[in-house]
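K.L.:
After the structure tokens below, expect a handful of questions from me.
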Amino acid sequence: MSLISQNPVSRNKVKFKRDDEVVSINGDINDTENGLESDSEISKLKKRKKEKENQIEVEQEKEIKKLESFLFGSIYSPLEFGKQVEEKAHDVFAQDGSALFFLDSSTNDVELSEESDYEQKTCKERKAVWVDEEEERTVINIAKVNRLRKLRKEEDESVISGLEYVSRLRAQHAKLNPGTEWAKLDSGLRNDHGYDDESSDEEKGVVAASGYGNGEVVDDILRTNEDLVVKSRVKLLPGLLEYSRLVDANAEEPSNGPINSVQFHRNAQLLLAAGLDRRIRFFQIDGKRNTKIQSVFLEDCPIRKASFLPDGSQVIIAGRRKFFYCFDLVKAKVDKIGPLVGREEKSLEVFEISPDSSTIAFLGNEGYILLVSSKTKELIGTLKMNGTVRSLAFADNGNQLLSSGGDGEVYHWDLRTTTCIHKAVDEGCINGTSLCTSPNGRMFAAGSDSGIVNVYNRDEFLGGKRKPIKTVENLTTKVDFMKFNSDAQILAICSTMKKNSLKLIHVPSFTVYSNWPPLNKNLQHPRCQDFSPGGGFMAVGNAAGKVLLYKLHHYNHA
């Protein structure tokens, strides 16, 4: 009891203490809450200050950039067309999407379109850097000066202002010197009008090379040296001929004497070369090695001329003898033929073969032309000229024969009836020495002993027109042989009496190529020449026993 009764506490005091403790606890809680609120407000104030400072810095930077762009142009903000219009249009609409106001421009549509077109045109036009004020004051009479009369727009026009004179001079210059499309300033407009490169290439005749039409093989472009663009049906240009010298065609076995005949086979890979060393050699032409295939030796016949039959089956070989030889390419057999029955000719060295391989025409004595069948090798007919015969040429696929000689006239013979259908004098010719017809038979060339070559249209010549299309006077000695190439765009004329006397003529313009013969290379005395069937190769045989081979870059095939 003593322990319980010591220092007794009343219930009111206990309650009072409990209340005080609760109050004190509540007060501490309120104080802590007030402190937290004050810290959050401080942090918010700091954030606001920082935001204001950032805004001030941004505004200052914007003002600086505006000043710099005003002084130095739009450096930081390049122009982007259309955004300002979009922003303005966005401001015009309210939040609910309805327009705040609208513009009635129906009455001014035409004026606005005209103004916009005029502004586009003025923007495209280039402004002159300097204008001469005296041009407006000066007056020029274009009728007095002969060279200025072409500037008149009307016959009665005489006096024009200086500005008009300058503009007409510029228009005349643009007319005479048209610029290329890629160099024009308005090249960007072609894309706006749907300009299609592929369609333009097709119109110009440019065709993609084989293997590049499909996009799947584009990766193979860098793995080949094939031309990516091939131009088709392009005409040969005059002036300078693009060519390159290749390895000599008979480099593996040159001739010991002058070369009198060179000719390509119809397959363009086989070439024959024959000369006075009594050998006929065959070479496979590739432009790199030109491998020798075969050589045939004829003991009793120095070869004056050798020629393939157009069908490619045989070779006719002749010299200054009463007989001639026939070499069969398939059987590799040589046959000696002649003398011809009923004829006393001591030489059959000059002959021509018809394009249909049916007839061989030999030059005879006293103006006679001997017609021999290529199948039977027998004489089937003769033709007689008034003078001596010196040259022959077939036309009309072998149905007609042209001849010329000592009387200076050109004869046309119909071989179906063996009669002369036309005879006319070659202009300016005394003695005809050479004849040549184009592959299509439209033109023929006649050469004389004075070095003059006349080129005629055959239909006009047969119709009575004696005037040649062109007279070529680039040779000064006797014309010994002439040759058209496969497409009749090049005519080769040659004289064996002088060095380098081989000229190449561009037939469409009738001008001589200035870079042929080559200056640094000596042709010696050229004696024969031939073009390959595709026109890509040209072979020239000279008196030194060499067959020079050239590549003509205009032609893609041999």
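K.L.:
Name the residues in the stretch 272-289 that are closer than 19 Å to Gly312 by Cβ and in a strand (DSSP E or B), would you?
P.N.:
The answer is Leu272, Ala273, Ala274, Ile280, Arg281, Phe282, Phe283, Gln284.
K.L.:
Only one residue in Ala539, Ala544 is in contact with an Asp or Glu (Cβ under 6 Å, 6 or more places away or on another chain) and not aromatic (Phe, Trp, Tyr), so which one is that? Step through it out loud before you land on a result.
P.N.:
Values: Ala544 fails: in contact with an Asp or Glu (Cβ under 6 Å, 6 or more places away or on another chain).
The unique qualifying residue is Ala539.
K.L.:
Moving on to the next point. Considering (1) of a type outside the set (A, V, I, L, M, F, W, C); (2) open to solvent by less than 60 Å² (accessible area, probe 1.4 Å); (3) in a loop (DSSP other than H, G, I, E, B); (4) under 26 Å from Gly406 (Cβ atoms), say which one Arg466 fails and leave the rest.
P.N.:
Failed condition: (2).
K.L.:
Something else: Mind listing whichever residues of the stretch 330-360 are outside any loop (DSSP other than H, G, I, E, B), over 25 Å from Asp480 (Cα atoms) and open to solvent by 30 Å² or more (accessible area, probe 1.4 Å)?
P.N.:
First, pick out the residues of the stretch 330-360 that are outside any loop (DSSP other than H, G, I, E, B): 333-337, 351-353, 359-360.
Going one step further and asking which of them are over 25 Å from Asp480 (Cα atoms), we end up with 333-337.
Of everything in the stretch 330-360, those that are outside any loop (DSSP other than H, G, I, E, B), over 25 Å from Asp480 (Cα atoms) and open to solvent by 30 Å² or more (accessible area, probe 1.4 Å) turn out to be Lys333, Val334, Asp335, Lys336.
K.L.:
If you check every pair at least six apart or on different chains, which have Cβ atoms under 9 Å apart with a residue in the stretch 473-487 that is part of a strand (DSSP E or B) first and a residue that is of a type in the set (Lys, Arg) second?
P.N.:
These pairs meet every condition: Phe481/Arg527.
K.L.:
May I pose another question? Answer with yes or no whether Arg279 is closer than 17 Å to Val540 by Cα, among the basic types (Lys, Arg) and buried (at least 17 other Cβ atoms within 10 Å of the Cβ). Write out each step before concluding.
P.N.:
Values: closer than 17 Å to Val540 by Cα: no; among the basic types (Lys, Arg): yes; buried (at least 17 other Cβ atoms within 10 Å of the Cβ): yes.
For Arg279, the condition - closer than 17 Å to Val540 by Cα, among the basic types (Lys, Arg) and buried (at least 17 other Cβ atoms within 10 Å of the Cβ) - is not met.
K.L.:
Do you know which residues across the stretch 361-374 are polar (S, T, N, Q) and part of a strand (DSSP E or B)?
P.N.:
Within the stretch 361-374, the subset polar (S, T, N, Q) is 365, 373-374.
Correct list: Ser373 only.
K.L.:
Turning to a different aspect of this structure: With respect to Thr418, is the statement that it is over 13 Å from Met482 (Cβ atoms), hydroxyl-bearing (Ser, Thr, Tyr), out of contact with any His (no Cβ under 9 Å at 6 or more places or on another chain) and free of Cβ contacts under 8 Å to residues at least 60 places away in the same chain true?
P.N.:
On the way: over 13 Å from Met482 (Cβ atoms): yes; hydroxyl-bearing (Ser, Thr, Tyr): yes; out of contact with any His (no Cβ under 9 Å at 6 or more places or on another chain): yes; free of Cβ contacts under 8 Å to residues at least 60 places away in the same chain: yes.
Taking the combined requirement at face value, the residue satisfies it.
K.L.:
Now a separate question. For the subset of the stretch 517-540 comprising residues that are farther than 18 Å from Thr477 by Cβ and over 27 Å from the mean Cα position of the chain (by Cα), which member is most open to solvent (accessible area, probe 1.4 Å)?
P.N.:
Going through the stretch 517-540, the residues farther than 18 Å from Thr477 by Cβ turn out to be 518-521, 530-539.
Still in the running and over 27 Å from the mean Cα position of the chain (by Cα): 520-521.
Values: Asn520: 127, Lys521: 95 Å².
Here the answer is Asn520.
K.L.:
Can we say Asn141 is of a type in the set (S, T, N, Q) and modelled with pLDDT of 80 or more?
P.N.:
Yes, satisfied.
K.L.:
When you look at Lys292, is it part of a strand (DSSP E or B) and surrounded by fewer than 18 Cβ atoms within 10 Å (Cβ to Cβ), yes or no?
P.N.:
The answer is yes for Lys292.
K.L.:
Here's a follow-up. Which of the residues belonging to the stretch 158-174 are open to solvent by 40 Å² or more (accessible area, probe 1.4 Å) and charged (D, E, K, R)?
P.N.:
Once the filter is applied, which keeps residues that are open to solvent by 40 Å² or more (accessible area, probe 1.4 Å) and charged (D, E, K, R), the stretch 158-174 yields Glu164, Arg170.
K.L.:
Sticking with this one: Exactly one of (1) open to solvent by less than 70 Å² (accessible area, probe 1.4 Å); (2) on the phi < 0 side of the Ramachandran plot; (3) not small (Gly, Ala, Ser) is unmet by Lys377. Its number?
P.N.:
Exception for Lys377: condition (2).
K.L.:
Taking the stretch 400-451 on its own, how many of its residues are open to solvent by 50 Å² or more (accessible area, probe 1.4 Å) and not charged (D, E, K, R)?
P.N.:
Looking only at that region, the number is 11.
K.L.:
Mind listing just one residue for me: the one in the stretch 311-329 that is in contact with a Gly (Cβ under 9 Å, 6 or more places away or on another chain) and in a loop (DSSP other than H, G, I, E, B) and, of those, most open to solvent (accessible area, probe 1.4 Å)?
P.N.:
Looking only at the stretch 311-329, we keep the residues that are in contact with a Gly (Cβ under 9 Å, 6 or more places away or on another chain), and these are 321-325, 329.
Of the ones still in play, those that are also in a loop (DSSP other than H, G, I, E, B) are 321-323, 329.
Values: Arg321: 81, Lys322: 104, Phe323: 30, Leu329: 51 Å².
Step by step, filter the stretch 311-329, then rank; the result is Lys322.
K.L.:
Moving on to the next point. Residues that are out of contact with any Phe, Trp or Tyr (no Cβ under 9 Å at 6 or more places or on another chain), closer than 30 Å to Ile303 by Cα, modelled with pLDDT of 85 or more and surrounded by 10 or more Cβ atoms within 10 Å (Cβ to Cβ): does the stretch 235-245 have at least one?
P.N.:
Restricting attention to the stretch 235-245, the residues satisfying the condition of being out of contact with any Phe, Trp or Tyr (no Cβ under 9 Å at 6 or more places or on another chain) are 235, 237, 242.
In the following step, the residues that additionally are closer than 30 Å to Ile303 by Cα were identified as none.
No, the conditions are met nowhere in the stretch 235-245.
The values are calculated or read from the model by the stated rules, or taken from the named source; none is laboratory data. Being a predicted model, the structure only gives us computed values, none of them experimental. We place every Cβ from the backbone using ideal geometry, glycine too, and count neighbours over all the protein chains shown. Ligands, DNA and RNA are excluded from the accessible area calculation, which covers all protein heavy atoms including side chains. Shrake-Rupley method; radii C 1.70, N 1.55, O 1.52, S 1.80 Å.
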